[in-house]
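K.L.:
If you scroll down you'll find the structure; I have some questions about it.
Read the figures in this text as sums done on the coordinates, not as results from a lab. Just so it is clear, the structure is predicted and the values come from calculations on it, not from any experiment. No Cβ is skipped: glycine too gets one built from the backbone with ideal geometry, and neighbour counts run over all protein chains shown.
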Amino acid sequence: MSMPSVLWRAGAIPSLRLARRSRRPARRGFSLVELLVALTVLAVVSVTVFARGGDTLAQLHGLEQRTLARWVAENEVARIRLDRETALRAGGRSARVDVGEGSWRVETTLRATAHEGLWQVTVEVRAVERGGAGGVASGAVDTLVAFVGEH
């Protein structure tokens, strides 16, 4: 017997019938379950990304508000330091200041310290909400404590 006929009988070489079956083209595409799993994963990732984007916008708005409030407070302290016309005296005052696209309620309090000629200045800045005639001030956005000398 020749070598190919021995291999044929032993089953080492597949029959022609099996070879013909394997030549059929394989099915292509995704099953419905695979498609649903992929869409679910995409939906979860999309919701997470959009939620984090919203949080980032809120944080950016808050940072902008705090930065503007700090500038308003520092301007008020600089105004007090430069205003030599009026004498420093204990007490408080309130004013409305427009900076940026918003209005701010600035509440300034001066207190004498234990050292003569040195005053403590506390500036509290609140955002004034739009609407209404006078605007309603919300909670303090920033508070600055500084010291001012008479000389």
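K.L.:
Per residue of the stretch 106-114, what does 6.51 cos²θ - 1.76 cosθ + 1.60 with θ = phi - 60° give for ³J(HN,Hα)? Whole Hz please, x for Gly and Pro, Karplus curve as stated.
P.N.:
Using θ = phi - 60°, the values come out as 10, 10, 10, 10, 10, 9, 6, 9, 5 Hz.
K.L.:
Now for a different question. Between L110 and E129, with labels modelled 7 Å along Cα→Cβ, what's the label distance in nm to one decimal, could you check?
P.N.:
3.3 nm
K.L.:
Just need the relative contact order of the stretch 29-149 here, percent rounded to a whole number, with Cα pairs under 8 Å and 6+ apart.
P.N.:
Values: 162 pairs, mean separation 25.4, N = 121.
With pairs under 8 Å counted, the relative contact order is 21 percent.
K.L.:
I need two numbers for the stretch 29-149: Rg to one decimal and Dmax as a whole number, Cα atoms only, in Å.
P.N.:
24.2, 86
K.L.:
May I ask which residue of V44, L144, A127 lies farthest towards the positive end of the charge dipole of the stretch 29-149, with charges of +1 (Lys, Arg) and -1 (Asp, Glu) on Cβ and the Cα centre as origin?
P.N.:
L144
K.L.:
A further question follows. What is the set of long-range amide H partners of D142 at a cut-off below 5 Å, with H atoms built 1.01 Å from backbone N?
P.N.:
Amide H neighbours of D142: V125.
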